1. Please go through the range B:23-58 and pick out each residue that is in contact with a helix residue (DSSP H, G or I) (Cβ under 8 Å, 6 or more places away or on another chain) and of a type in the set (Lys, Arg).
2. Considering only the range B:263-275, how many residues are surrounded by 15 or more Cβ atoms within 10 Å (Cβ to Cβ) and touching a residue at least 60 places away in the same chain (Cβ under 8 Å)?
3. Filter the range B:187-213 down to the residues that are out of contact with any strand residue (DSSP E or B) (no Cβ under 7 Å at 6 or more places or on another chain) and of a type in the set (S, T, N, Q), then identify the one that is modelled with the highest pLDDT.
4. Checking A:LEU185 against (1) in a helix (DSSP H, G or I); (2) at pLDDT 70 or above; (3) within 25 Å of the chain's Cα centre (by Cα), which test does it fail?
5. Identify the residue in the range A:98-135 that is more than 7 Å from chain B (Cβ to nearest Cβ), among the charged types (D, E, K, R) and without any contact (Cβ under 8 Å) to a residue 40 or more places away in the chain and, among all such residues, is surrounded by the fewest Cβ atoms within 10 Å (Cβ to Cβ).
6. Pull up the range B:223-244, narrow it to residues that are crowded, with 17+ Cβ neighbours inside 10 Å and over 14 Å from B:ASN268 (Cβ atoms), then point me to the one that is modelled with the highest pLDDT.
7. Please work out which residue is farthest from the chain's Cα centre (by Cα), limiting yourself to the range B:99-123 and to residues that are within 16 Å of B:ILE70 (Cβ to Cβ) and either part of a loop (DSSP other than H, G, I, E, B) or within 12 Å of chain A (Cβ to nearest Cβ) (or both).
Amino acid sequence: MTSPASSSEVKYLIESSEGNTFDVSGAALRQSNTFNAMFLNIGADGPIPFTDYNEATLKKVFEYCEHSVNEENYSGPKHQDDLSKWDLNFFNEMDQKMFIDVINASNFLDIERLTSYCCERIARMLRGKNTQEMIKVITLPTAEELEAKQKVEEKKAAAAKKVAEKAAETAEKTETLEELPVQQLVQTTRNKLTRKYLSFSNE
Amino acid sequence: MSSNFPLFLLPDNVILSVFRSMEAVDLMLLSMISMRTKEIVCSLNLHPDKISLDTRASCELEIRFSPFIIRVAFKKFEKKDAEREIVVIERPEKVGFYVSRIVNYGLFKGLENVNYQWENGTFEVRDYIDHFIKILHHHRIDELSVMGDDAYPPEEIQQLVNGLDIRELSFSDEGNVRISDDGMINYLNAIKPTRSFYLDRSPLFVWNHSKMSQFFVQNLDCIVIANSPLLTLDDLLLMNISEIQINRTRMIGKDFNRFLKHWIAGSNPRLKYLTVGDDSTTDDREEFERELLNGIDHRKIPDEEERTCIKRMGTYEECREKMTGGSYIRRKDGTEAIVHAEYHWFHLILQELMSI
């Protein structure tokens with residue numbers, strides 16, 4: 001159980017795709033714009049279901065968030081050459097599958113700093129390569145793969161909707177907050193998430 | 001991590017962020033590998049400073065995109081030592097992509113070079129030109145340079161650039177062979193620039209008035225002619241061009257005086273900047289100015305008053321030129337200009353181009 005008050009001591013329970021739960025500090029979680037939009041002001045009743053991502057991925061993402069809690073506010077992409085030793089180790093110890101999962105989770109949670117660093121890292125894979133080498137690196141997808149990607153996007157949109165609905169339920173239960181602003185907040189969040197993920201699916 | 005990466009299986013906004021993290025050179029290369037990458041690069045709204053085309057032995061497209069200078073060379077070589085095959089300009093066998101990055105080392109600037117090369121598939125030179133123009137949202141060729149030893153006849157270059165907006169046509173004798181007068185006329189007839197001519201160092205150029213007049217009367221922004229000993233006052237009065245620079249003529253102060261009187265009466269209405277190298281016998285500036293302004297109402301500017309003239313305003317070639325002294329004159333319609341003379345040079349500059 002968590003409280004709506006946002007201080008660094010507050011812990012939130014996160015639920016992964018395996019159904020496992022684990023704690024994340026409020027300060028770390030606040031780096032996620034998705035979380036901020038859904039739960040920051042109203043709190044969460046029970047574990048927050050990020051059930052599209054496995055425990056290892058979520059832990060990795062929040063490990064990064066915990067580490068960068070005290071870093072200055074994010075101000076646009078940072079050059080990969082400026083990364084600290086810790087950051088470099090963080091990226092280097094991931095295999096490709098984990099890296100892709102982390103990007104997807106970070107993108108869903110809308111953690112700007114981590115997503116931006118991951119993107120910069122991919123960009124570096126292509127730097128200094130000619131067209132033929134680039135084709136080899138980025139492995140252009142087949143039609144089947146693109147179809148599968150679209151299905152995943154649709155599934156994520158549905159998951160986002162589910163999370164928003166949970167936030168809405170929580171809001172309804174929260175008696176201390178004024179009714180109208182919460183309702184508006186929930187509705188706005190729900191609309192925003194639905195729009196975001198529907199737009200991905202359409203693309 | 002594996003050397004292959006399934007970039008396009010990531011969410012679309014992540015793909016876009018990856019592209020945004022890349023440098024212009026990598027993006028230009030990436031845009032060539034699929035329609036999808038081309039569309040994404042297009043959406044990034046890149047804008048280069050200048051795109052020029054050079055039709056020397058290997059046709060080259062030069063893209064200036066600060067801090068990069070990128071040359072895309074279209075080659076058609078059999079073997080390294082074999083005689084060059086000059087047949088058609090359309091389809092190159094190899095494409096060279098030469099990148100120079102301007103690096104600031106503090107006290108001086110240097111270049112870092114990276115070269116790429118690949119065997120060409122079915123793309124033609126025009127496909128490459130269209131591709132870069134599209135992804136860089138630069139729907140023009142700023143400069144087309146032709147030389148005496150071009151590998152391609154004017155008709156073929158005309159076909160290559162057909163339908164493109166060629167802003168500046170530039171003739172140069174940097175090659176081994178100077179362009180003949182007839183060759184130059186052929187180029188001028190084949191390729192019509194929309195903004196300017198640059199005729200660089202052509203000492204053998206002989207004016208053929210009946211042929212050249214059709215090019216002078218066009219509404220161009222700029223013409224630069226390095227050496228034109230046979231240019232006359234009539235030629236100058238015919239030029240319907242905003243900025244005219246002619247480095248060497250056989251005109252004298254008396255000719256310029258007549259020109260100024262015509263200008264005051266209303267000739268050359270588009271003219272904003274004129275500088276002409278003259279053939280005066282006098283080295284005395286004051287005497288030359290007296291000859292220039294004889295019979296013309298004018299107001300002297302103090303010699304210590306420095307002014308800056310902005311040339312080619314709003315173009316990639318914009319530059320500033322400082323000058324002191326001179327005299328104000330006024331056209332009948334009220335337009336004010338500065339007449340300035342210095343050693344073997346005559347300038348007429350509209351007040352609107354000047355700043356103190």
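The values are calculated or read from the model by the stated rules, or taken from the named source; none is laboratory data. Keep in mind that this is a model prediction, so the values were computed, not measured. Ideal geometry is used to build each Cβ from the backbone, glycine not excepted, and the neighbour counts take in all protein chains shown.
1. B:ARG36, B:LYS38, listed by residue number.
2. The total comes to 7.
3. Among those that are out of contact with any strand residue (DSSP E or B) (no Cβ under 7 Å at 6 or more places or on another chain) and of a type in the set (S, T, N, Q), it is B:ASN189.
4. With (1) in a helix (DSSP H, G or I); (2) at pLDDT 70 or above; (3) within 25 Å of the chain's Cα centre (by Cα) applied to A:LEU185, the lone miss is (2).
5. Taking the candidates together, the pick is A:GLU133.
6. Result: B:VAL224.
7. Step by step, filter the range B:99-123, then rank; the result is B:TRP118.
Here's the yes/no breakdown for (1) surrounded by 17 or more Cβ atoms within 10 Å (Cβ to Cβ); (2) at pLDDT 85 or above; (3) not β-branched (Val, Ile, Thr):
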position: A:THR21; (1), (2), (3): no, yes, no
position: A:ALA37; (1), (2), (3): yes, no, yes
position: A:GLY46; (1), (2), (3): no, no, yes
position: A:THR57; (1), (2), (3): yes, yes, no
